[in-house]
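Right, one structure below, let's go through it.
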Amino acid sequence: MPTRRDIRRSSRFTRRRRWPKVLAFLGLFLAAALLTAYALSQSDASGAPPPAATPPAAAEPAATQPLAEKVPQIDILGDSYVAGSAEGGKGAENWTKVVGSRFYDQGTRVELNVMALPGSGYMARGNTDLVFRETATLRLRPTADVVVVFGSRNDGRQTPEAMYKAARSLYSDIHDIAPQAKVVVVGPVWVNGAVPSFITANNAEMKQAAADEGIPYIDALSEGWLAGANEGLIGLDGIHPTDEGHAYLAAKLFPFIEELLPEPAPLD
């Protein structure tokens with residue numbers, strides 16, 4: 001029969017044998033926990049891309065606005081026959097304004113750009129100290145639909161070569177500045193049948209230059225504008241048109257401009 005001392009000894013021995021097992025178990029548990037944590041950390045840091053973001057909905061295209069209809073543009077370049085004078089053609093009585101009003105009366109709109117140079121011409125420098133070509137460079141609109149060149153009787157005696165070159169250069173510049181424009185040239189006007197020879201010579205060179213540029217030319221000398229029976233349309237100075245003379249010029253020029261003009265914009 002075991003004594004009490006034997007029992008105590010046996011109990012101590014048993015406890016000593018259990019500790020290695022407990023420690024081993026704890027070691028395994030700790031190792032398993034560490035492995036699990038490592039695996040989870042590797043999963044989070046795997047670099048797998050996050051789910052693709054849903055792209056924003058495409059913006060609805062803006063409603064297309066109708067383009068505003070372009071109002072036809074008429075540019076007019078000339079001397080005092082365009083500007084008006086003390087004899088007539090000021091304000092609403094000027095032939096350019098009469099032409100504009102006639103379009104308006106027909107229910108259409110036009111935009112006028114009047115470049116009037118009293119005393120000037122292709123080579124002559126008048127009140128503005130500019131010739132026609134210089135003014136066209138400064139003021140002609142690139143968007144013009146029709147360009148009218150009127151005159152001039154101011155150029156005086158010129159050589160045929162100089163007159164031709166001045167006219168051809170102006171017409172070429174107009175084509176360059178306003179390539180879509182249709183151009184018409186009106187030659188110099190004389191108030192009676194006694195036309196000076198230098199005016200006739202200048203007129204011939206302008207006409208030839210216009211033909212070489214493919215531009216229609218209105219030969220006002222050969223057609224007798226404001227001459228002969230129309231002398232009453234000229235003022236007391238014997239040179240410039242009266243208000244009636246400007247109405248006469250408007251009636252002459254309106255059909256030419258109307259024919260060249262694109263479809264006018266209707267009035268609102």
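The values are calculated or read from the model by the stated rules, or taken from the named source; none is laboratory data. All figures in this text were calculated on a predicted structure; none of them were measured in a lab. When we count neighbours, we look across all protein chains shown, and the Cβ atoms used for this are built from the backbone with ideal geometry, even at glycine. Only protein heavy atoms, including side chains, enter the accessible area calculation; ligands, DNA and RNA are left aside. Shrake-Rupley method; radii C 1.70, N 1.55, O 1.52, S 1.80 Å.
Roughly speaking, what is the stretch gain from ARG157 to LEU138, that is 0.36 nm per residue apart minus the C-alpha to C-alpha distance, in nm to one decimal? Walk me through the numbers before you get to the answer.
Values: separation 19, 0.36 × 19 = 6.84 nm, distance 2.64 nm.
Gain in length upon complete extension: 4.2 nm.
Which entries in LYS90/LYS182; LYS70/LYS182; LYS207/LYS252 show an alpha-carbon gap greater than 20 Å? Provide the component values of the computation, followed by the final result.
Values: LYS90/LYS182 27 Å; LYS70/LYS182 16 Å; LYS207/LYS252 18 Å.
Distance filter (> 20 Å) returns LYS90/LYS182.
Using the heavy atoms of the protein chains alone and a 1.4 angstrom probe, what is the accessible area of region 145-268 per residue in square angstrom?
Accessible area per residue: 44 Å².
Give me the net charge for the shell around GLY91: Cβ to Cβ below 12 angstrom, other residues only, Lys and Arg +1, Asp and Glu -1.
Values: positive: LYS90, LYS97; negative: GLU93, ASP243.
That sum, taken over residues with Cβ under 12 Å, equals 0.
Suppose the chain between ALA92 and ASP176 were pulled fully straight at 0.36 nm per residue; how much longer would it get relative to their current alpha carbon spacing? Please report the intermediate quantities before stating the final value.
Working: separation 84, 0.36 × 84 = 30.24 nm, distance 3.18 nm.
Gain in length upon complete extension: 27.1 nm.
What figure in square angstrom, to the nearest 10, would you give for the accessible area of LYS165 with a 1.4 Å probe?
Counting only protein heavy atoms, the figure is 140 Å².
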